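The values are calculated or read from the model by the stated rules, or taken from the named source; none is laboratory data. Remember, predicted model here, so these are calculated numbers, not experimental data. For neighbour counting, all protein chains shown are included, and Cβ atoms are generated from backbone atoms with ideal geometry for every residue, glycine included. Protein only, heavy atoms only, side chains kept; ligands, DNA and RNA dropped before computing areas. Shrake-Rupley method; radii C 1.70, N 1.55, O 1.52, S 1.80 Å.
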Amino acid sequence: QVQLVESGGGLVQPGGSLSLSCAVSRNIFDFNAVGWYRQAPGKQRDLVASINVGGKTDYADSVLGRFTISRDSAKNTVALQMNTLKPEDTAIYYCYVRILRSYTWGPGTQVTVSS
């Protein structure tokens with residue numbers, strides 16, 4: 001059983017930055033991929049960014065060039081640096097880990113971008 005805990009969400013003005021962190025209770029290299037999804041009110045949960053065991057990253061088109069995913073294998077954490085935030089980035093952000101098609105999710109952290 002793996003547990004994930006996100007931190008770092010909050011309220012930020014448009015154009016600002018936030019950094020999210022996800023603590024994973026197991027070695028992150030046990031998983032095929034780790035990353036972040038988000039879900040805005042009334043919308044489906046969508047992939048934001050991921051990094052696979054080989055280090056390959058993948059980003060949603062809407063965040064490319066603004067968000068950066070990284071991992072720390074010594075601390076078993078996954079981070080998401082979010083820059084130039086927009087109101088449409090407002091959502092609950094969920095950390096996940098994946099083995100084949102099996103996902104485990106964190107409880108989520110709220111990110112609100114508003115003036």
Would you please calculate the Kirkwood hydrodynamic radius of the chain over all C-alpha pairs and express it in Å, rounded to one decimal? 14.0 Å
Treating only Lys and Arg (+1) and Asp and Glu (-1) as charged, each at its beta carbon, one finds that the chain has a dipole about its Cα centre, in Debye to the nearest 20, of 160 debye
Highest-first arrangement of 35-47, 84-96, 51-63, where packing means the average Cβ count within 10 Å: 84-96, 35-47, 51-63
Placing each pseudo-label 7 Å from Cα in the direction of the beta carbon, residue 61 and residue 26 end up separated by a distance in nanometres of 3.5 nm
Using the scaling law 2.2 N^0.38 Å as the reference, what is the normalised Cα Rg of segment 65-115? 1.32
Read phi for every residue in segment 49-61 and hand back ³J(HN,Hα) as whole Hz from Karplus 6.51 cos²θ - 1.76 cosθ + 1.60, θ = phi - 60°, with x for Gly and Pro. 7, 9, 9, 8, 4, x, x, 6, 9, 9, 10, 5, 4
Could you do me a favour and compute the accessible area per residue for the chain, 1.4 Å probe, result in Å²? 53 Å²
